[in-house]
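See structure below.
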Number of protein chains: 2
Amino acid sequence: MRARKIARPTTLSDVARLAGVSPATASKALNGRDEVAPATRQRVIDAAERLAFSPNQLAKGLFAGRTGTVGLLTSDLEGRFVIPILMGAEDAFGAGQVNAFLCDARGDEIREQHHLRALLSRRIDGLIVVGRQTDPRPSLGHDLGVPVVYAYAPSDDETDLSITPDNVEAGRMAAEHLISLGRTRIAQISGDRSYAAARDRVTGANQAFKAAGLTPVGDVMFGDWSETWGRDAAAAMLAQHPEIDAVLCGSDQISRGVLDHLRDIGRSVPHDVAVMGFDNWLVLTTNARPQLSSIDANLKQLGRTAAERVFAALDGEDIGTGIELTPPRLVIRGSTVARLG
Amino acid sequence: MRARKIARPTTLSDVARLAGVSPATASKALNGRDEVAPATRQRVIDAAERLAFSPNQLAKGLFAGRTGTVGLLTSDLEGRFVIPILMGAEDAFGAGQVNAFLCDARGDEIREQHHLRALLSRRIDGLIVVGRQTDPRPSLGHDLGVPVVYAYAPSDDETDLSITPDNVEAGRMAAEHLISLGRTRIAQISGDRSYAAARDRVTGANQAFKAAGLTPVGDVMFGDWSETWGRDAAAAMLAQHPEIDAVLCGSDQISRGVLDHLRDIGRSVPHDVAVMGFDNWLVLTTNARPQLSSIDANLKQLGRTAAERVFAALDGEDIGTGIELTPPRLVIRGSTVARLG
DNA sequence: CGGCATCTCGAAACCCGTTTCGGAAACTAC
DNA sequence: GTAGTTTCCGAAACGGGTTTCGAGATGCCG
């Protein structure tokens, strides 16, 4: 049997005709409404089965006002951060009957507006806006007609709901881990100073140092987020302060550079110097020598939370306002604790 | 002026009423049909502008049978490979009026079927199936009613259209680069043997060796795709064959491990030993010491091509069959050519 | 000024599924 | 036997847009 050239999808009327009832009855039978005789219902169900009927969600959405679709508007698909968030959101959505439109604005405001228009004209039920930095981004406004949640990058309008990682807490957590290991001469090599993520983590770490009565060694070094910067910064730092016994880094990439330099100059990790990373990027952390302790921002969880907030808003709940911080998680590996290799 | 709690989107009827015409005329005016007087058209356009009217794509699609949406069914969002492909596809689609549904099946066939159902019931116009390996995957069949293109992972049904990187050519290209540099004692450290990508690249490289009259040093080492494996394999390889002057690796991660080991034992790269990676993963290649030469599979281009094929099929063209190979690209950096640092 | 072609517009049907509401049939109660 | 209930089904309207087709208003001709 050849497939028809144009495989017109079967409609509810087709099912109704085969079952010998009206479309109205077929609809009621398939949706479990109770004004249908059991025998009739079974006939309709059998007919639907036979024709492999799947209802046209467009028509359904047209009437219901709900489409079962959500927009994911990201500003950077290449970024590693948006992917886990998208996954978490997909997790939360996928459980139900929701599908997600993915749009990438490439950080271009025009393109973002364009995508936003397109999404709204498709009558999405909700929108998640994902940024690639934790710095605030312009709000999309409130008169969109659908609930909006900002993930990772918070909105600059505090009457929006934003969900973002708690980088201050993350910095504190990392510093406290090093302190709890007895390290006292701790240096910080961070990333790009223009990123709130870099500054926040340093803030948190400094709070922990202060609380423990420690003075950090040297000034915090800001640069970029690369391995190369980590290497160069470590060289400069250790030349000036050879006494340091731990380095708190702004990212796993930077940590890898620092580890590299430490091996070059023959310092043992973690015995002589402990090294903490940030982000828990597995490709980097688990293949480092030794494996790299890091702070995981729980991005997947963040994405799931964002999706759940959108869901809640769909069910009529108030979506809430302000910036909601999600807690980080400490992942201990061999770069801070020796027996873990 | 406060935004209404429920911002009911403006409909075509609203526009028509404001312009003082019937919905039918309004529709014709906005869609550029010529049975409308210029003055009337302008009135309608102005009214639409005033009300910020954007037509309900659902209703539009309901009638037209075209929804302007495409499904992207991937089996692994975490994989680095699918992301550039998705980007390329988004590029090609985004130019027009098409939006993409993103679904992640997590390599689970049940989940895949579930998502497929959902997508079809949303009346997508086309489907791109993205895999995370280049090994063939089960076909979804032909009676879906929409054009399907398989990207990266080809379908096991040769009457489907698949687009996948030419790994044999990639292997050959890498080997020829090393040969052209005068290297004659070349070893291969590859990834997981169960991956077609690993085997194909080795095949291509061996063809190049044969053509040049060279005998590879030692057996090809298969392992996994990690940096750690690269280190271990390099150690074993160099212990047994200290004479090698180039290593052809199965991935950039493996290359990084190899580079690491070479520095450990004091071999200079590229002077003593040249190293080639695969995938051109910038985070790894540009931060290596020296920077890593690699083969780029042009995945973004692949995604764009896949999207264009779907487009073509929508316009009535035959979608074609078989496996279409996309050419790789050689990226030369310091790990093979010294002056490039 | 009548007859005919042209232009412009709107009523109505349609896409597909849901829901309301009314009616027919079967059943109960007296 | 009649009146009142209940059960089950279908006609019709709806949602938001598109398209067909016919009607009314013009313009042009002789």
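Values quoted throughout were computed directly from the atomic coordinates according to the rules given, and no laboratory measurement underlies them. All of these numbers come straight from a predicted model, not from anything done at the bench. Note that we place each Cβ from the backbone using ideal geometry, even for glycine, and neighbour counts take in every protein chain shown.
Tabulated data for the structure shown
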item	result
Highest-fluctuation residue, A:Asp46, A:Asp76, A:Asp192 considered, GNM on chain A with Cα pairs under 10 Å	A:Asp46
Translational diffusion of region A:204-281, µm² s⁻¹ [Kirkwood Rh, Cα pairs; Stokes-Einstein; 25 °C; 0.890 mPa s]	194
Over region B:62-123, equivalent-ellipsoid semi-axes from the Cα gyration tensor in Å	21, 18, 5
Listed residues B:Asp14, B:Asp135, B:Asp160, most fluctuating in chain B (Gaussian network, C-alpha, under 10 Å)	B:Asp14
Cut-off of 10 Å, at most 11 other beta carbons, DSSP loop: longest stretch of chain B lacking such GluC sites (Glu not before Pro)	B:36-242
Å³ per residue enclosed by the Cα convex hull of region B:167-296	86
Cα-centre dipole for the protein assembly as shown with unit charges at Cβ (Lys and Arg positive, Asp and Glu negative), debye to 20	1280
The protein assembly as shown: antiparallel DSSP beta bridges as a percent of all, rounded to 5	10
Alpha-carbon spread of the protein assembly as shown, three principal axes, descending order, Å	81, 67, 58
Candidates A:Asp296, A:Asp245, A:Asp143: whichever shows maximal mean-square fluctuation once chain A is modelled as a Gaussian network with Cα springs under 10 Å	A:Asp143
Normalised contact order of region B:167-296, rounded percent, pairs of Cα under 8 Å and 6 or more residues apart	25
Proximal lysine pairs, the protein assembly as shown, alpha carbons under 28 Å, eight or more residues apart or interchain	10
Computed helical MRE - 222 nm, the protein assembly as shown, DSSP H runs ≥ 4 contributing -39500 (n - 2.57), nearest 500	-12500 deg cm²/dmol
Taking the C-alpha atoms of region B:1-93, convex hull volume expressed per residue in Å³	181
Alpha carbon convex hull of chain A, volume per residue in cubic angstrom	201
Gap separating the Cα centres of region A:64-79 and region B:14-61, nearest whole Å	28
Relative contact order [Cα under 8 Å, 6+ residues apart], chain B, whole percent	16
